[in-house]
Each structure stands twice: as structure tokens, then as C-alpha cells.
Amino acid sequence: MTSTDTTTRRHTVVDSPYGALTLVATDGVLSGLYMTGQRHRPPEETFGDPDPRPFGETVRQLAAYFAGELTEFDLPMSLRGTEFQRAVWAELVRIPYGETRSYGELADRLGRPGASRAVGLANGRNPVGIIVPCHRVVGASGGLTGYGGGLDRKQRLLEFEKGAGNGTPALF
């Protein structure tokens, strides 16, 4: 069987205050940001060849974010998922820095009241964590619920964004 997939994938690994982050680009456009031990992390062999060149602006914006200087990312992304997943991910980027929304609120915004569980599943499949801020979604009571990168990281990211962290995270 011959593959007709002509996409080119590249990746690089950068350090962050929340552990190593693997950045993946498909045809030169950011398509993944994965944490070590992340649930739903694709197999490493799908990340393509190591190459830091496609990631200069992504690394710059992540460093500014972790320094507390950037609250909204402006990067081209190529996110692959179902139509519903992409709609959820589009709603995630509308959650303001330092704020949270519940799964139910996102379901309502999508015109799908009662679909909070489906929103949670789509949220968990977000391929570009931090930049597409799935960590800003909480349970109906405001409590922390699942996070593919681990609840400890979710808590730390939320505290950082709310200014309650123990100082500015270390830069790259």
C-alpha cells in the first residue's frame, strides 16, 4: 500500500516552567504542543524529524507568556479534529487570560446545551495545549477536573495566570 500523504512534519522540544514541551509543525505550521506524560499524546514517531526552524515565533511567544508579558497568542495553527472538536477549540481561545469557563458554559456557547461531557472529551483531545488554553476549563462548581497534562499542571497554570503563582516562572 502506497501512502499519498505528502505532509511534512517537524518537531522540537523546548523547556518550560511546566516541563518539556514538544512542538510539532505540519507543513511549517504549528499543529501540536505536547507535555511530557500527557494523555492522548501521539506516538513520538509521528512528530517527524527534529528541526527547530519552524518554531521561532512559537518559542518567542511561549517565552513571553511564561514571563507574564503575553496574554494572547497570535500564531497560525493547523488543528486536525472533527468539526465539533474544532468548534470547541475555537471557543477555548475565546476564554480570556486569567479566567475560567465550565464545560457547560462552553456547551451553551456552542448551542449544544447538555453536551458538557462531549465538550470535555473534545477539550481533552486539544492538540495544542497552553496556546489553545484547555487548562481554563473547569467543572460546573468551579473545581478542577481532568486535564491531559495533569491536574497539578492545570492548577499551576491557572494560578500563574491569576497572579497567584510563587513568582514568575523560569524562562526557557
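General remarks:
- Taking only alpha carbon atoms, the range 83-161 gives an Rg to Rh ratio of 0.92, where Rh is the Kirkwood radius.
- Summarising the label geometry, the points placed 7 Å from Cα in the beta-carbon direction at ASP152 and ALA67 lie 2.8 nm from one another.
- The sum of -39500 (n - 2.57) across all DSSP H runs of n ≥ 4, divided by the residue count of the chain, sets its helix-only mean residue ellipticity at 222 nm to -8000 deg cm²/dmol.
- Among 130-141, 43-54, the peptide with the highest mean count of other Cβ atoms within 10 Å heads the list, and the full ranking is 130-141, 43-54.
- Distant alpha-carbon pairs in the chain (separation over 19 angstrom), percent: 56 percent
- The calculated FRET efficiency for the pair VAL59 and LEU144, based on their C-beta separation and a Förster distance of 45 Å, comes to about 0.95.
- Under the Karplus curve 6.51 cos²θ - 1.76 cosθ + 1.60, θ = phi - 60°, whole-Hz ³J(HN,Hα) for the range 24-32, x wherever Gly or Pro sits: 10, 10, 10, 6, x, 10, 4, 10, x
- Residues HIS40 and GLU83, FRET efficiency given R0 of 22 Å [Cβ-Cβ distance, rounded to 0.05]: 0.75
- Under 5 Å between amide hydrogens, built in the peptide plane, is the criterion, and for SER31 it picks out VAL24, ALA25, THR26, SER78 among residues at least 5 positions away or on other chains.
- Charge sum, other residues only, whose C-beta stays under 15 Å from ARG86's C-beta, Lys/Arg counted +1 and Asp/Glu -1: +3
- Relative contact order, percent, the range 37-172 [alpha-carbon distance under 8 Å, six or more residues apart]: 28 percent
- Total formal charge among the other residues, if their Cβ is under 12 angstrom from that of LEU70, Lys/Arg +1 and Asp/Glu -1: -4
- Stretching the chain fully between GLU159 and GLU99 yields a gain of 20.6 nm (0.36 nm per residue, less the alpha carbon separation).
- Rg and Dmax [Cα atoms of the range 9-66; Å; Rg one decimal, Dmax integer]: 10.7, 29
Bear in mind that the values in this text are calculations on the coordinates, not laboratory data. Computed from a predicted model, the values in this text were never measured in an experiment. Glycine gets a Cβ as well: all are built from the backbone with ideal geometry, and neighbour counts include every protein chain shown.
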